[in-house]
Amino acid sequence: MLFTKCRLIVTSESRLLRQRKLHLNVEINQLAEVAWTPDPEHGGIQLNATAMDGVREHLWIRLSTVDRVWKLDRLLCESFPARPSALTNVLAGLPPSTTRLLAA
């Protein structure tokens, strides 16, 4: 996956021969109904979006560390600001004293 400010490019890899092929190449502003769910326990993010052609994409993005899961979540929030971060939702449920400790 290549994710820039303007474009999202996703490739897939065959299991047997490990050949890569282009799966999705789209400008960010051409995506609709973008939703994602970070899953740090399984080391990835479930990303769903509808492309201009009306095809709904469901992607599982594997990441090597929990820090990278939250970093990608933050980048997605910056690219699609209408949806709050899952981390923000977790912090909203904590008492104010805890969130001040986490912010420090």
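The values are calculated or read from the model by the stated rules, or taken from the named source; none is laboratory data. This structure is a prediction, so every number in the text was calculated from the model and none was measured. Here the Cβ positions follow ideal geometry from the backbone for every residue, glycine too, while neighbour counts run over all protein chains shown.
Condition check for L2 on (1) touching a Leu at 6+ places or on another chain (Cβ under 8 Å); (2) surrounded by 10 or more Cβ atoms within 10 Å (Cβ to Cβ): one failure, at (2). Pairing residues of region 48-64 that are over 13 Å from A35 (Cα atoms) with residues that are charged (D, E, K, R) and exposed (fewer than 13 other Cβ atoms within 10 Å of the Cβ), at Cβ distances under 9 Å and at least 6 apart in sequence or on separate chains, gives M52/E27; L63/K71. Considering each residue of region 24-75, count those that are in a strand (DSSP E or B), aliphatic (A, V, I, L, M) and either under 17 Å from I9 (Cβ atoms) or over 10 Å from the mean Cα position of the chain (by Cα) (or both), and give that number. Matching residues across region 24-75 total 9.
All conditions but one from (1) at pLDDT below 90; (2) under 17 Å from N25 (Cα atoms) apply to P95; the one that does not is (2).
Filtered by the rule that a residue be surrounded by fewer than 12 Cβ atoms within 10 Å (Cβ to Cβ), closer than 16 Å to M1 by Cα and hydrophobic (A, V, I, L, M, F, W, C), region 54-73 gives a lone residue, W60.
Let's see how each residue does on (1) surrounded by 13 or more Cβ atoms within 10 Å (Cβ to Cβ); (2) of a type outside the set (D, E, K, R); (3) closer than 21 Å to W70 by Cα; (4) at pLDDT 90 or above:
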{"position": "R7", "(1), (2), (3), (4)": "yes, no, yes, yes"}
{"position": "R15", "(1), (2), (3), (4)": "no, no, no, no"}
{"position": "K21", "(1), (2), (3), (4)": "no, no, no, yes"}
{"position": "V26", "(1), (2), (3), (4)": "yes, yes, no, yes"}
{"position": "W36", "(1), (2), (3), (4)": "yes, yes, yes, yes"}
{"position": "P40", "(1), (2), (3), (4)": "yes, yes, yes, yes"}
{"position": "G43", "(1), (2), (3), (4)": "yes, yes, yes, yes"}
{"position": "Q46", "(1), (2), (3), (4)": "yes, yes, yes, yes"}
{"position": "M52", "(1), (2), (3), (4)": "no, yes, no, no"}
